[in-house]
Amino acid sequence: MAKDIGKPIFDLFLVVASAIGFYMATTLPAVSMAGGLSPATFPKLISGLIFVCAVPCLIRDSYEWLAARRVLEDAKVLNATAPKKGILQWLTIVALIIVYINSFERLGYIASTAIFCFLNVVCLVITSGEFQKLSNGRKLRNLAAYTVFAFALSLVIYYVFTELFNIPLPD
């Protein structure tokens, strides 16, 4: 168990952001769209689900962080790299989100989302230190799996939104 405050902080961020998102969705105009759904239906649904999932995670991660903190203080063992890794991972994700937002219209949904997913997974695995422990052959297999995952995920989400929900996304 690592003494990393990043997890509870991220969970708290999700709770607050989803509550704000839900509130902002309630201010959308009540115009009926295809199937009798309003423009606020999906933002409310998504933000509500994020809230419902983030609250238990916040409770669990806060408890784990406090328990790990007590264990580490009792043992007088301090790991100075854990907070640095957490900060580096946060900064990486924020930078990738900014790049994703700026490339979304130019590259289209599928390409920009696949690149974003791939780079997120690779950067998080590298900054966690797990990637360096793998053999070269295993690294190549993992990179191939990350590529397949990224493209499959972006294609599935594109299909769901364009075909099932009839919501156009940039090509």
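At a glance:
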{"quantity": "Residue list for the range 113-168, restricted to those being open to solvent by 40 Å² or more (accessible area, probe 1.4 Å) and part of a loop (DSSP other than H, G, I, E, B)", "calculated": "Glu130, Leu134, Ser135, Phe165, Asn166, Ile167, Pro168"}
{"quantity": "From the options Leu72, Leu78, residue that is open to solvent by 90 Å² or more (accessible area, probe 1.4 Å), modelled with pLDDT under 75 and of a type in the set (A, V, I, L, M)", "calculated": "Leu78"}
{"quantity": "Residue satisfying all of: in the range 91-106; surrounded by 11 or more Cβ atoms within 10 Å (Cβ to Cβ) and of a type outside the set (Val, Ile, Thr); nearest to Phe10 (Cα to Cα) among these", "calculated": "Leu91"}
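The values are calculated or read from the model by the stated rules, or taken from the named source; none is laboratory data. Just so it is clear, the structure is predicted and the values come from calculations on it, not from any experiment. With ideal geometry, Cβ positions are generated from the backbone for all residues, glycine too; neighbour counts draw on all protein chains shown. Side chains are part of the model used for accessible areas, which takes the heavy atoms of the whole protein and leaves out ligands, DNA and RNA. Shrake-Rupley method; radii C 1.70, N 1.55, O 1.52, S 1.80 Å.
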